[in-house]
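Just below is one structure, and these are the notes that go with it.
The values are calculated or read from the model by the stated rules, or taken from the named source; none is laboratory data. Just so it is clear, the model here is predicted, and its values are computed rather than measured. In this analysis, Cβ positions are derived from the backbone assuming ideal geometry, glycine residues included, and neighbour counts consider all displayed protein chains.
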Amino acid sequence: NELTRELYQRYFGPAFAIHPLYAHNWCRIPHYYYNFYVYKYATGFSAATALAQRILAGDEAARDAYLTFLSRGSSDYSIQLLKDAGVDMTQPGPIEATTHLLDRLLDEMEGLMNAEFGVRNSE
């Protein structure tokens, strides 16, 4: 409880009064104590990005593979269904491509903010 309270205080800063019950907030967030599952967010996003990028590039075979992927439901392990759809999550490619995409999007956002508001990266 004390660690959570300290984290909130550090995050919100001295101008924010932390209610004593916030110290118990950790127990409503299963990421802290539930089975190892948070990785699914990053891998799912990376797989979806890989599928979407191919479809958005006009690859009709990718579109058909995606529709087949959806139609197969839970008929096999996700890793195999994705591989059959053209996304091999046992290789670093999909995650690396998603990381590069996010880098480009952040660079674009930074450029837009700089152009509009004169905001520059603090690095």
- line: (1) within 30 Å of Arg5 (Cα to Cα); (2) out of contact with any helix residue (DSSP H, G or I) (no Cβ under 8 Å at 6 or more places or on another chain) all hold for Ala52 apart from (1)
Given (1) in a loop (DSSP other than H, G, I, E, B); (2) at pLDDT below 95; (3) not aromatic (Phe, Trp, Tyr), number of the condition His31 does not satisfy: (1)
field: Residues satisfying the stated conditions in the stretch 67-118, i.e. among the β-branched types (Val, Ile, Thr), assigned to a loop (DSSP other than H, G, I, E, B) and surrounded by 13 or more Cβ atoms within 10 Å (Cβ to Cβ)
entry: Val87
task: Starting from the stretch 98-111, take each residue that is modelled with pLDDT of 95 or more and list its partners that are in a helix (DSSP H, G or I), counting only C-beta distances under 8 angstrom and pairs at least six apart or across chains.
output: Thr98/Phe45; Thr98/Ser46; Thr98/Thr49; Thr98/Ala50; Leu101/Thr49; Leu101/Gln53
- line: Considering residues that are outside any helix (DSSP H, G or I) and either among the acidic types (Asp, Glu) or over 14 Å from Ala97 (Cβ atoms) (or both), the number found within the stretch 40-66 is 2
message: Condition first: of a type in the set (S, T, N, Q) and over 22 Å from the mean Cα position of the chain (by Cα). Now tell me which residues in the stretch 90-120 satisfy that.
response: Asn114
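Restrict the check to the stretch 25-43 and report whether at least one residue is over 30 Å from Asn1 (Cβ atoms) and surrounded by 13 or more Cβ atoms within 10 Å (Cβ to Cβ).
Yes.
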